[in-house]
Amino acid sequence: MVWDEGTAQVTANCNDAHSPSLRRNLLHMWHELDNKLICEHQFESFAAAFSFLKEVAGLAEQFNHHPTIINEYTSVRLELTTHDAGNVITDLDRKLAEAIERKLKKPSST
């Protein structure tokens with residue numbers, strides 16, 4: 001996958017989903033671990049990683065569902081779980097993950 005940040009091309013490396021429920025929902029860049037959907041990305045620069053996180057923040061606000069975000073320089077890890085449902089994966093997590101995945105498949109609008 002490529003995240004186009006102006007003239008910089010940013011590669012996003014994510015784990016393939018192994019769970020049948022995830023495959024049904026067409027989530028290809030996420031894996032399930034400890035009742036969380038997890039996706040990790042490696043970007044070419046801190047600025048590109050931060051730009052991606054800005055996009056994720058906008059989606060999180062739209063969905064009123066906020067991921068755990070871990071950012072260290074060019075690495076980003078996203079974790080989705082629904083705390084209100086007892087820290088399990090719900091359809092809301094899957095829908096937000098799908099929206100984030102769609103963002104990664106399209107060039108940046110910024």
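Per-structure values
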| item | result |
| --- | --- |
| Spatially proximal lysines relative to LYS106 (Cα-Cα < 16 Å; intrachain offsets below 8 disregarded) | LYS54 |
| Theoretical gain in end-to-end length, ASP34 to THR90 [0.36 nm per residue, Cα-Cα removed] | 18.8 nm |
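Rule-based calculations on the coordinates, nothing more; no lab input. Since we're looking at a predicted model, the values are computed, not measured.
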